[in-house]
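Notes to accompany the following structure.
The values are calculated or read from the model by the stated rules, or taken from the named source; none is laboratory data. Only a predicted model underlies this, so the values are computations on that prediction, with no experimental measurement involved. Ideal geometry is used to build each Cβ from the backbone, glycine not excepted, and the neighbour counts take in all protein chains shown. When the accessible area is computed, the model is the full protein with side chains, heavy atoms only, and any ligands, DNA or RNA have been set aside. Shrake-Rupley method; radii C 1.70, N 1.55, O 1.52, S 1.80 Å.
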Amino acid sequence: MADKQISLPAKLINGGIAGLIGVTCVFPIDLAKTRLQNQQNGSRLYTSMSDCLIKTIRSEGYFGMYRGAAVNLTLVTPEKAIKLAANDFFRHHLSKDGKITLFKEMLAGCGAGTCQVIVTTPMEMLKIQLQDAGRIGKRRSNLAKTALFVTLCTAQRKLMPETVAAGTVETKSPTAMQITRQLLREKGIAGLYKGLGATLLRDVPFSIIYFPLFANLNNFGKRGAEGPAPFYVSFISGCVAGSTAAVAVNPVDVIKTRLQSLTRGNTEDTYAGVTDCIRKIMRNEGPSAFLKGAYCRALVIAPLFGIAQVVYFLGVGEFILSFLPKKDK
């Protein structure tokens, strides 16, 4: 991937396949990350990633870990297509005589990250609502049970059937299409792009950190001055660079997740923007809150880039394209 020239159509196919496989493999960890990041002091349901996944399986079943996965699987291919095409476009126009400097590589990554948010923002917006629905439902259920218990103890009377129904009936989680229609009806297209600024603040620095770091780590393992790096070196370089960039931008990811969450508990803060979110998190939860879900995010990103390396190494895109009829020269 780092050393061989690959055509743009093959890159798009490889990127899409890598995204689909990666999302399927690591989505439960991404769900845990979202729920951990949305927890505020006084409303903690989960103590760790493993605790979150165990409680999710118990209360929502195995497929509860894949809430919102359909949105990601649908939009991950166009997201990768835009990012890869934009990166190629900027690299082509910034390079001179086939060579490109480190600074210009960073600029190309910056441009690709900026273009990527066209798809990333609405995808993350919808995904977060679906991922966090179980946490909100669990919290409301716990509050209802507590209120019911207090009522029973205070009144010291027999439980009425209607009270039981009110305390135990759970509301059905909305679908992605229902959320989309509601946002478009109430706020227009801007509703799907809530948190756009925070998404830019996350994705642009991520690309600026990842691409140069990966290139330099990969160069250390090259066979000689001109030889390509072995596959395992590229694989490890992708994992290390991806997880490092993920942890570095995690504070902004926490802010983005909080801003894009539309449903909150009665005791949880709401935010007017990026600066308001930063101020309230610092005041109510302290600086450590910006690292919530950091290890989950690192565990999500590292395999994604590792899987991408495998797909590119195997040449899946090139293999598929080889079956297409070739034009006569």
Residues of region 41-54 that turn out to be within 17 Å of Lys280 (Cβ to Cβ) and in contact with a helix residue (DSSP H, G or I) (Cβ under 7 Å, 6 or more places away or on another chain), as a count: 2
Among Ile118, Ile57, which is more than 30 Å from Met282 (Cα to Cα) and modelled with pLDDT of 90 or more? Ile57
Which of the residues that make up region 282-299 are of a type in the set (Gly, Ala, Ser) and closer than 16 Å to Phe206 by Cβ? Gly293, Ala294, Ala298
Per the filter on region 64-92, residues without any contact (Cβ under 8 Å) to a residue 60 or more places away in the chain and closer than 26 Å to Glu268 by Cβ are Met65, Tyr66, Ala69, Asn72
Give the residues of region 233-252 that are open to solvent by 60 Å² or more (accessible area, probe 1.4 Å) and at pLDDT below 90, sorted by residue number. Phe235, Ile236
Do we have any residue at all in region 218-232 that's modelled with pLDDT of 85 or more and at negative phi? no
For Ala198, indicate whether it is out of contact with any Pro (no Cβ under 8 Å at 6 or more places or on another chain), open to solvent by 10 Å² or more (accessible area, probe 1.4 Å) and assigned to a helix (DSSP H, G or I). no
State whether one or more residues within region 267-279 are among the polar types (S, T, N, Q), surrounded by 16 or more Cβ atoms within 10 Å (Cβ to Cβ) and touching a Ser or Thr at 6+ places or on another chain (Cβ under 9 Å). no
Return yes or no: is Leu130 crowded, with 23+ Cβ neighbours inside 10 Å, assigned to a helix (DSSP H, G or I) and at pLDDT 85 or above? no
Could you say whether any residue in region 170-192 is in a helix (DSSP H, G or I), small (Gly, Ala, Ser), at pLDDT 50 or above and out of contact with any helix residue (DSSP H, G or I) (no Cβ under 6 Å at 6 or more places or on another chain)? yes
